[in-house]
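This report concerns only the one structure given below.
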Amino acid sequence: MTKANEYPDRPRLAVGGVVIAANQVLLVCRGKPPAEGEWAIPGGSVELGETLKEAVERELKEETGLTVRAGDSCYTFEAILRDQEGRVRFHYVIMDLWAEYVSGVPAPGSDVSEAAWITPDRLPNLKVNKATLALLKKLGFY
């Protein structure tokens, strides 16, 4: 999610890939606003002409180095962040899709400072994005 997405003229569509394997969830620590420093489901903006599944597979490869196979939608939410003057700085509609782990070892890529498999017992010790925590609770992971 780049500087070009700041102060948008309309909401931006983004995706996340929910990968759970061996009682671990794939999370990334965001390296840029709007969620800089927070652990979240990996993902990003959908590009023109790209399906939601293609976007998830590309974004997870870029952010984590993993190859995944995207599936059905499991969570949808909005992220609207305003600046001190009340102007909309970021506005995303985010669709999280299930994604099946295929191959690779998590390594931080674009827009993230860390990428890792996280067990439920580690979540209380991390600064986890509120939407990510709500999703993980809804899924019964945490």
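The values are calculated or read from the model by the stated rules, or taken from the named source; none is laboratory data. Worth saying up front: this structure is predicted, and the values here are computed from it rather than measured. Cβ atoms come from the backbone with ideal geometry, glycine included; neighbour counts cover every protein chain shown. We work out accessible area using only protein heavy atoms, side chains counted, and drop any ligands, DNA or RNA first. Shrake-Rupley method; radii C 1.70, N 1.55, O 1.52, S 1.80 Å.
What's the number of the only condition in (1) part of a strand (DSSP E or B); (2) buried (at least 19 other Cβ atoms within 10 Å of the Cβ) that Leu135 fails to meet?
The one condition Leu135 does not meet is (1).
Taking only the stretch 5-23 into account, find how many residues are open to solvent by 50 Å² or more (accessible area, probe 1.4 Å) and either assigned to a loop (DSSP other than H, G, I, E, B) or free of Cβ contacts under 8 Å to residues at least 60 places away in the same chain (or both).
Qualifying residue count for the region: 6.
With respect to Glu114, determine if the residue is within 17 Å of Gly44 (Cβ to Cβ) and either hydroxyl-bearing (Ser, Thr, Tyr) or modelled with pLDDT of 95 or more (or both).
Yes; evaluated as a whole, the condition is true for this residue.
Just the residues that are more than 11 Å from Trp39 (Cα to Cα), more than 12 Å from the chain's Cα centre (by Cα) and among the hydrophobic types (A, V, I, L, M, F, W, C), please, taken from the stretch 118-142.
The answer is Ala134, Leu136, Leu139, Phe141.
Since Leu26 meets every condition but one in (1) open to solvent by 30 Å² or more (accessible area, probe 1.4 Å); (2) touching a residue at least 12 places away in the same chain (Cβ under 8 Å), which condition does it not meet?
Here Leu26 clears every test but (1).
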